[in-house]
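Shown next, in structure tokens, is the structure this report addresses.
The values are calculated or read from the model by the stated rules, or taken from the named source; none is laboratory data. Owing to the predicted nature of the structure, the values given are computational and were not obtained by experimental measurement. For neighbour counting, all protein chains shown are included, and Cβ atoms are generated from backbone atoms with ideal geometry for every residue, glycine included.
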Amino acid sequence: MSNSLTIRQIELYKLSIPLIEPFTTSLGTDYSADNVLVKISTEEGITGFGECSPYMPINGESQDTCFIVGQYFAKALKGKNALDIEGSIQLMDSIIYASTSIKSAFDIALHDIAAQQAGMPLYKFIGGENNKTIVTDYTVSVGDIDKMVQEALRIQAQGYPAIKVKLGKGGKQDVERIRAIRAAVGKEIPIRIDANQGWKVKEAIETLNALAEFDIQHCEEPIARWKFMQLRKVKKNSPIPIMADECCGDDHDAARLIELKACDYFNIKLGKSGGIYKALKMVRMAEKAGIHLQVGAMLESRIAMTAFAHFALCSPMIEHYDFDTALMFSEDPVTGGIRYEANGVIKVPETPGLGASIDEERLSRMEKVVI
């Protein structure tokens, strides 16, 4: 088997799909998924797909910036060896700082190619095993209490194993939101909360203690990401386990949080880490430190969501899965990929590579650039 595949062509597409309903967090409201698709073709005939869902408040990128920065990467990577993933990551890092969202789309496409060349499903190529059931939670947007209660009841009725609730819009009001939701859904179904940096430090500690009676599984990113030095104080004073999200982007962030003993969990997202290559480093660090893991998403389609599911099979420390956003799309443009089954269960494809693509007819209707 050849250890070299030459990158012949890279295509960038703008993938924009309206959501069925607006999705609201403490950071803002989204009405559509405005993503970038990367298609890398090799001289040897293997094609890989990747995708990112940039989110300006979290990774400082938009669909437009990713589309432009992606062209810098495409010009630099054309003619290079697609199987040299580490070299490609280093090259992209040398071209521009951060830009982790668009880097992740290239990383996924390169892993797709490499796994196809190896004749393995992506999870196996990265050292994983398909030996556990991936089950996604489903998220309630923050807002009017009555609407949040109805949404929680709908999620419960559809059989999802856990309800994730967006908070961060005033600690006292957030307690009342959870009080009402817990009363409506009963005591059996797990509830997870995500403040998306919405609380001040004192408010976070007070709110988390007030929420203790409602049996909350964990809380994501209670305080501002730049206050990571205070996160240990929140964790120490919280009866609810703390999960780092926005303050835990890549392997450097993970190392810092471990040293600070700042959290119980990491929420790994490929759009924050820059892709699978760096996310695997985070997993190894977390395993060593005893940090449990969730794999999460922005507003990706089933292209990237399939990559997340493959990645989620790489370690037993990954025990929570937040893969619901592709279900919020008004249209599904993806061929192959993960299957969403009853009660939130997700099936990962066993075909070589990613196992997901978008057909030429759908691609032809999207804005694109070819390098």
Given the residues ALA74, ALA33, which is the only one that is in contact with a strand residue (DSSP E or B) (Cβ under 9 Å, 6 or more places away or on another chain), within 21 Å of GLU331 (Cα to Cα), aliphatic (A, V, I, L, M) and not assigned by TED's automatic domain parsing to the domain that holds LYS200? ALA33
Just one of the numbered conditions (1) in contact with a strand residue (DSSP E or B) (Cβ under 9 Å, 6 or more places away or on another chain); (2) surrounded by fewer than 16 Cβ atoms within 10 Å (Cβ to Cβ); (3) among the acidic types (Asp, Glu); (4) in a helix (DSSP H, G or I) is not true of ASP107; which one? (2)
So, MET328, is that one out of contact with any helix residue (DSSP H, G or I) (no Cβ under 8 Å at 6 or more places or on another chain), modelled with pLDDT of 95 or more and outside the structural domain of ASP30 (by TED's automatic domain parsing) or not? yes
Tell me, yes or no, whether region 287-301 has at least one residue that is closer than 24 Å to LEU167 by Cβ, out of contact with any helix residue (DSSP H, G or I) (no Cβ under 7 Å at 6 or more places or on another chain), in the same structural domain as LEU208 (by TED's automatic domain parsing) and without any contact (Cβ under 8 Å) to a residue 40 or more places away in the chain. yes
Filtering region 8-38 down to residues that are within 20 Å of the chain's Cα centre (by Cα) and either assigned to a loop (DSSP other than H, G, I, E, B) or among the charged types (D, E, K, R) (or both) yields LYS14, GLU21, SER26, LEU27, ASP30, ASP34
Hey, can you tell me all the residues within region 36-72 that are polar (S, T, N, Q) and free of Cβ contacts under 8 Å to residues at least 40 places away in the same chain? SER41, SER62, THR65
Exactly one of GLU176, GLU129 is in the same structural domain as ALA212 (by TED's automatic domain parsing), more than 22 Å from LEU208 (Cα to Cα) and not hydrophobic (A, V, I, L, M, F, W, C), and that residue is GLU129
Members of region 343-371 that are under 24 Å from HIS320 (Cα atoms), touching a Gly at 6+ places or on another chain (Cβ under 6 Å) and either of a type in the set (A, V, I, L, M) or surrounded by fewer than 19 Cβ atoms within 10 Å (Cβ to Cβ) (or both): ASN343, ALA356
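Has region 339-360 got any residue that is of a type in the set (S, T, N, Q) and farther than 28 Å from LEU12 by Cα? I'd like the intermediate steps shown before the answer.
At the first step, the residues of region 339-360 found to be of a type in the set (S, T, N, Q) are 343, 351, 357.
Checking which are farther than 28 Å from LEU12 by Cα leaves us with 343.
Yes, region 339-360 contains a residue that is of a type in the set (S, T, N, Q) and farther than 28 Å from LEU12 by Cα.
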So, in region 251-307, how many residues would count as being surrounded by fewer than 19 Cβ atoms within 10 Å (Cβ to Cβ), part of a loop (DSSP other than H, G, I, E, B) and of a type in the set (D, E, K, R)? 2
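Let's see how each residue does on (1) among the aliphatic types (A, V, I, L, M); (2) assigned to a strand (DSSP E or B):
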position: CYS314; (1), (2): no, no
position: LEU327; (1), (2): yes, no
position: PRO333; (1), (2): no, no
position: ASN343; (1), (2): no, no
position: ILE346; (1), (2): yes, yes
position: THR351; (1), (2): no, no
position: ARG365; (1), (2): no, no
So, in region 1-11, of the ones that are in contact with an Asp or Glu (Cβ under 9 Å, 6 or more places away or on another chain) and surrounded by 18 or more Cβ atoms within 10 Å (Cβ to Cβ), which residue ends up farthest from MET148 (Cα to Cα)? LEU5
What do you reckon, is GLU44 within 24 Å of the chain's Cα centre (by Cα), more than 24 Å from ASN196 (Cβ to Cβ) and loosely packed, with under 15 Cβ neighbours inside 10 Å? no
Looking at region 73-89, can you tell me whether even one residue there is free of Cβ contacts under 8 Å to residues at least 24 places away in the same chain and crowded, with 21+ Cβ neighbours inside 10 Å? yes
In region 56-111, the residues that are under 19 Å from the mean Cα position of the chain (by Cα) and among the charged types (D, E, K, R): GLU61, LYS103, ASP107
Scanning region 82-99 for residues that are polar (S, T, N, Q) and assigned to a helix (DSSP H, G or I), which turns out farthest from GLN116 (Cα to Cα)? SER94
